Amino acid sequence: MAKSIIQDYEEEPWCYVCGSTDWLHSHHCIEGSGRRVMSEKYGLKLLLCMEHHTGKYGVHNGNHELARELQELAQRKFEETHTREEFRKEFGLSFL
Ligand SMILES: [Zn+2]
Ligand SMILES: [Zn+2]
């Protein structure tokens, strides 16, 4: 498994949004159509508590604003070491 390039949680896991340490899930920022594999490959993932992952305010439960924010964040991180063209090539789209 690749290391996250977005969040440092090796020593102490915490929710990227609220800091909670309960019920943490690994969230791949860019998903769908084979993109999850790419997110894993490049470490575009972070930890979310249940609430912010699949719960009431979750990215997988209609919180599109947060989902989008994390997608843009992931792309910005990717672009610190790659070009936008490379992002488009790997993920097939651009959020920025
Ligand atoms: Zn949270
Ligand atoms: Zn997720």
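5 Å is the cut-off here: which amide hydrogens, built 1.01 Å from N in the peptide plane, fall below it relative to residue 29, excluding neighbours closer than 5 in sequence?
45, 46
Quick one: putting +1 on the C-beta of Lys and Arg, -1 on the C-beta of Asp and Glu, what dipole do you get for region 13-61 around its Cα centre, in Debye to the nearest 20?
Value, rounded to 20: 180 debye.
Compute the Rg/Rh shape ratio of region 13-61: radius of gyration over Kirkwood radius, all on alpha-carbon atoms.
Working: Rg = 10.8 Å, Rh = 10.8 Å.
Rg divided by Rh gives 1.00.
Along the charge dipole of region 4-51, Cβ charges K/R +1 and D/E -1, which of 19, 34, 50 sits furthest on the positive end?
Of the listed residues, the answer is 34.
Straight-line reach from residue 77: which lysines have Cα under 25 Å away, leaving out those fewer than 8 places along the same chain?
Once the sequence-local lysines are set aside, what remains near residue 77 is 3, 41, 45, 89.
To the nearest 20 Debye, how big is the dipole of the chain about its Cα centre, given +1 on the beta carbon of each Lys and Arg and -1 on that of each Asp and Glu?
Charge dipole, the chain, about its Cα centre: 420 debye, nearest 20.
Rounded to the nearest Å, what's the spacing between the alpha carbon centres of region 40-72 and region 1-30? Just the number, please.
Using only Cα atoms to place each centre, the spacing works out to 10 Å.
How high is the relative contact order of the chain? Use alpha-carbon pairs under 8 Å, at least six apart in sequence, and give a whole percent.
26 percent
Each reported figure results from applying straightforward, stated rules to the coordinates on display, with no laboratory input. None of the values given here were measured: they were computed from a predicted structure. Because the Cβ atoms are built from the backbone with ideal geometry, glycine has one as well, and the counts that use them run over all protein chains shown.
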